[in-house]
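Here's the structure, in structure tokens; my notes come after.
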Amino acid sequence: MTSKQRAYLRSLCNSMDPILHAGKGGISDAMIKQADDALTARELIKGKVLETAPATAREIAEEIAAAVGAQVVQVVGRTFVLFRQREKDSQIRLPK
């Protein structure tokens with residue numbers, strides 16, 4: 001993914017609320033399922049890592065992204081953004 005594409009995705013997620021929350025339990029199978037379902041529906045999701053989480057936001061974002069076949073777009077503080085483009089009927093058109 002190019003820096004121009006990342007910048008475009010970051011601009012899209014500015015107004016989004018986090019839908020994933022990782023706490024002291026870390027990442028569970030239910031969270032991975034939720035992320036997979038959300039990415040199927042929305043392509044771009046935001047998550048938040050609570051202070052009690054056993055890992056950093058980057059580590060959690062990368063682990064979830066690897067499990068669901070997504071890309072980490074951004075990690076800022078305790079917030080992260082994941083993107084997975086649908087092959088058919090994609091709502092997000094990335095700039096070239």
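The values are calculated or read from the model by the stated rules, or taken from the named source; none is laboratory data. Since the structure is predicted, the reported quantities are computational estimates derived from the model, not experimental observations. Note that each Cβ is placed from the backbone with ideal geometry, even for glycine, and that neighbours are counted across all protein chains shown.
Say we look at region 1-17 and pick out the residues that are part of a helix (DSSP H, G or I) and of a type outside the set (Gly, Ala, Ser); which of these is farthest from the chain's Cα centre (by Cα)? Walk me through it before giving the result.
Just the residues of region 1-17 that are part of a helix (DSSP H, G or I), to begin with: 3-13.
Subsequent filtering for residues that are of a type outside the set (Gly, Ala, Ser) retains 4-6, 8-10, 12-13.
Numbers: 4: 18, 5: 15, 6: 12, 8: 15, 9: 11, 10: 11, 12: 13, 13: 10 Å.
Of everything passing the filter in region 1-17, 4 is farthest from the chain's Cα centre (by Cα).
Considering only region 39-59, state which residues are touching a Pro at 6+ places or on another chain (Cβ under 9 Å) and of a type in the set (A, V, I, L, M). So that I can check it myself, show each step before the final result.
As a first pass, look at region 39-59 and keep what is touching a Pro at 6+ places or on another chain (Cβ under 9 Å): 45-48.
45, the sole residue that qualifies.
Restricting attention to region 31-76, report how many residues are of a type in the set (Lys, Arg), within 21 Å of residue 7 (Cα to Cα) and at pLDDT 95 or above. Quick ask: steps written out before the conclusion?
The first filter runs over region 31-76 and keeps only residues of a type in the set (Lys, Arg), leaving 33, 42, 46, 48, 58.
Right, trim to within 21 Å of residue 7 (Cα to Cα) and you get 42, 46, 48, 58.
Now restrict to residues that are at pLDDT 95 or above: 46, 48, 58.
Selection size over region 31-76: 3.
If you check 40, 56, 52, which single one turns out to be of a type in the set (S, T, N, Q), in contact with a Lys or Arg (Cβ under 9 Å, 6 or more places away or on another chain) and within 24 Å of residue 86 (Cβ to Cβ)? Please lay out each step first, then the result.
Values: 56 fails: within 24 Å of residue 86 (Cβ to Cβ); 52 fails: within 24 Å of residue 86 (Cβ to Cβ).
Answer to the check: 40.
Do any strands (runs of 3 or more DSSP E) entirely within region 18-96 hold 3 or more residues that are at negative phi, touching a Ser or Thr at 6+ places or on another chain (Cβ under 8 Å) and surrounded by 18 or more Cβ atoms within 10 Å (Cβ to Cβ), and if so, which? First the steps, then the outcome.
Details: elements: 20-22, 44-49, 71-76, 79-83.
It comes to 44-49.
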